[in-house]
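Below: the structure, in structure tokens.
Bear in mind that the values in this text are calculations on the coordinates, not laboratory data. None of these values were measured; they are calculated from a predicted model. Positions of Cβ are backbone-derived with ideal geometry, glycine not excepted, and every protein chain shown enters the neighbour counts.
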Amino acid sequence: MRWGIGFGLGLLLFVGVSSQFHSEATLPTLDPLPQDPYIQAYFNQNQAAIYTDPYRHITRHGDNLEQVVVDAIATAQSSIDVAVHEFSLPGIAHALANRAAAGIEVRVVVENTYSTPVAKRGNPATFAQLDEHAAAKASDLYAFIDANQDGVLSDGELRDRDALTILSQANIPLIDDTADGSKGSGLMHHKFMVVDGRTVVTGSTNWTLSGTHGDFTNPDSRGNTNSMVVIDSQPLARRFAEEFSYLWGDGPDGQPDSLFGLQKPHRTSALVSTPGSVLEVQFSPTSKTQPWAQSVNGLIAKTLGQATRSVDLALFVFSEQAISHQLLPVANRGVPIKAVIDPEFAYRSYSEGLDMLGVVLPDNRCKTDGSVPWAKPITTVGVPVLPPGDKMHHKFAVLDQSIVLVGSQNWSQAANTTNDENLLVIRNATVAAHFEREFQRLYDGAELGMTPQLQHAIAQQTEKCGH
């Protein structure tokens, strides 16, 4: 099963609009790689594809991840189950509403922080009371919905552009992680959809402007770097459907029997297959009372330990010390390891990127957190150069150019022991080639080793802490 992106049309649109691209205009458009017929991989900054952002009307490199989801929704004949951390893309909401109107069962689970329509959360004046990150997100979404920019969200604008309003008016049932009677799990951090008990759409992508196209009020933004995989596999879909069932319980009108976070039963990883591929899937969280090796981070570490030729990491956060401990013997065997980590997290005191560089950096209290710097540091760790306002939101690894680790799970203890998360290990060289190309795109322009940013952080903490 193959989902089209309209590459040929995009190429025509690309010609003559380079003035919108800034530095992106100088990047060549690469030849597309072949897709596996059962597992397709997409990236919102893919240099081998071109599309026009449907909201800012900017033609740019990348796969239209919103359209990938819409195309999958259009195939539905019986059911669509969605579990996404954050959902504000109206194109997807309208597609779900259309299928619901056609009699398809649609169910949606979101994180409680993002389950209230923006119009009910206030207006730009009240957003100032939020923390900086939340205020920026709410303000950008408000500006996006306010099509005529008059400062007021009309009923028509909400029906057209507010995803949660669109779902509500289509009578699509929606719950969040307070449906179990609690104040919410750690984070309902999933980003997956199951269609007809057969097709799984998952990856690192939140269903938001910033997760796909780019911030509405920042024309330089191209969206936080993200991946999405579309997998045709009934056995895999059954595993994701089981996870969804725990979250859903009886739904919004039933008993508060939804299971989020550590209320769900622990499940070890499971192997499934598609023609030409072997996949391993597991869901978080895992209680600290369970053996760490049986957790998702344990699966990550076990799989990393199998690498024999190369390890390439593209991570938003890498703060799980136990993964670093099990990655070190791989480096000591002489396996080349490269890593790019989001600039906001790469040089924090708890970052395992610092361990790999052989650096210990005290926190703001001049304390260290038990970091174990590698005795033989590597210099192939750094930060990517990103469009203004964007984050390196990936959570993937490529091993030996044949194995991919991908999903919603950040490589952190919180993701492992608190949040609702998922991880896939995909053994397929065709799929791995797509992730390897994305890694190389980020790595080729990255700042590596003792970067100016890291040197500045060290100087600041040395001045503050005296050592």
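Could you tell me the calculated FRET efficiency between ASN171 and VAL385, based on Cβ-Cβ distance and R0 = 35 angstrom, to the nearest 0.05?
Calculated value: 0.15.
For the chain, a/c is less than 1.5, where a ≥ b ≥ c are the root eigenvalues of the C-alpha gyration tensor. That puts it in the rounded class.
Annotation: peptides 320-330, 340-350, ranked by per-residue average of other Cβ atoms within 10 Å with the highest first, follow the order 340-350, 320-330. Spatially, the stretch 316-346 and the stretch 77-102 are offset by 37 Å when compared through their Cα centroids. Only one residue of PHE345, ILE92, MET356 has its Cα farthest out toward the positive end of the dipole of the chain, where Lys and Arg carry +1 and Asp and Glu -1 on Cβ, and that residue is MET356. Simple spin-label estimate for ASP363 and HIS325 gives 1.9 nm between the two label positions (7 Å along the Cα-to-Cβ direction from each Cα).
Per-peptide packing, taken as the mean over residues of other Cβ atoms within 10 Å, places 357-363, 312-318 in the sequence 312-318, 357-363 from highest down. The packing ranking of peptides 271-282, 402-413, highest mean first, is 402-413, 271-282, where packing means the average number of other beta carbon atoms within 10 angstrom of each residue.
Between LYS288 and ASP155, residue separation times 0.36 nm minus the direct Cα-Cα distance comes to 43.1 nm. Legend: calculated FRET efficiency, ALA101 to LEU448, from the Cβ-Cβ distance at R0 = 56 Å, rounded to 0.05, equals 0.60. Classify the stretch 110-182 from the C-alpha gyration tensor, please: rounded if a/c falls under 1.5, else prolate or oblate depending on whether a/b exceeds b/c. Oblate, because a/c is 1.5 or more while a/b does not exceed b/c. Given their separation in residues at 0.36 nm each and the Cα-Cα distance between them, ARG333 and GLN306 gain 8.6 nm when the chain is fully extended. Residue separation of ASN148 and HIS266 scaled by 0.36 nm, minus their Cα-Cα distance, works out to 37.6 nm of gained length.
When +1 charges are put on Lys and Arg Cβ atoms and -1 charges on Asp and Glu Cβ atoms, the dipole computed for the chain relative to its Cα centre reaches about 1060 debye. In the stretch 266-465, taking the dipole from charged Cβ atoms about the Cα centre, the farthest positive-side position among VAL317, SER408, PRO291 is held by PRO291.
Using the structure shown, select from LYS288/LYS464; LYS302/LYS395; LYS120/LYS264 the pairs with a Cα to Cα distance greater than 28 angstrom.
LYS288/LYS464; LYS120/LYS264
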